[in-house]
Structures are given as C-alpha cells and as structure tokens.
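> Next up is a structure, given as structure tokens.
The values are calculated or read from the model by the stated rules, or taken from the named source; none is laboratory data. The structure presented is a predicted model; accordingly, all values stated were derived computationally and were not measured. A quick note on method: Cβ atoms are made from the backbone with ideal geometry, for glycine too, and the neighbour counts reach across all protein chains shown.
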Amino acid sequence: MAERRVIRSIWSTNKKRRLDILKRPDRHFGYEGVSQVTEDGETYWQPSDMSGIYETAEEAERDALVEVPWLRNLKPN
C-alpha cells in the first residue's frame, strides 16, 4: 500500500510549528501541521492543523494560507 509523501514542509520562524503539504496515496493532496508543546518538563509534537482533500499541492497550500493563522505571519521566501 502506498503511503503519503511530504511534498513541502513550512516551518514557523521559531521552529515550534511545522506544516507539511502531503501527497496522499489516492493521488490527491492535503496538509497536516504539528506544534511543539512542553508540559510538565516534557516536550513533544502534537498534531494541530489538518486539511480536507485537494486536487493539487498548490490548492492545499493556498487553503493553508487562509486557514492556518501563523502561516500568514511568515515572510515570503
């Protein structure tokens, strides 16, 4: 069975959040985010933002820019 593949990773400026643009096994695209959390002296990555299904990676990334607030604060590459 095919697995999803990361097409692009976008990191927050403080490196405590990451959003991955993914290619799904069904040949569609989406995004998933994780945030670094520290509780009781333990640090771990917690799932945060998840998308729907898109025809292209560009559509997924465009929607992420609308839906994920911290992405809007990044300066363009």
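> Show the residue pairs that are 6+ apart or on different chains and have beta-carbon atoms under 7 Å apart, the first residue being within the stretch 1-25 and modelled with pLDDT under 95, the second being in a strand (DSSP E or B).
Arg4/Leu22; Arg4/Lys23
> In this structure, is Thr43 under 16 Å from Ser9 (Cα atoms), over 13 Å from the mean Cα position of the chain (by Cα) and at pLDDT 95 or above?
The answer is no for Thr43.
> Out of (1) touching a helix residue (DSSP H, G or I) at 6+ places or on another chain (Cβ under 6 Å); (2) assigned to a helix (DSSP H, G or I); (3) not aliphatic (A, V, I, L, M), the odd one out for Arg62 is which?
For Arg62, the exception is condition (1).
> A follow-up question, please. Keeping to the stretch 5-42, report how many residues are of a type in the set (Ser, Thr, Tyr), surrounded by 11 or more Cβ atoms within 10 Å (Cβ to Cβ) and not in a strand (DSSP E or B).
The total comes to 1.
> Here's a follow-up. Name the residue that is surrounded by the fewest Cβ atoms within 10 Å (Cβ to Cβ), counting only residues in the stretch 47-67 that are polar (S, T, N, Q) and within 25 Å of Val37 (Cα to Cα).
Ser48
> Next up: Can you name the residue in the stretch 46-56 that is of a type in the set (Ser, Thr, Tyr) and not in a strand (DSSP E or B) and, of all such residues, is modelled with the highest pLDDT?
If we take residues in the stretch 46-56 being of a type in the set (Ser, Thr, Tyr) and not in a strand (DSSP E or B), then Thr56 is modelled with the highest pLDDT.
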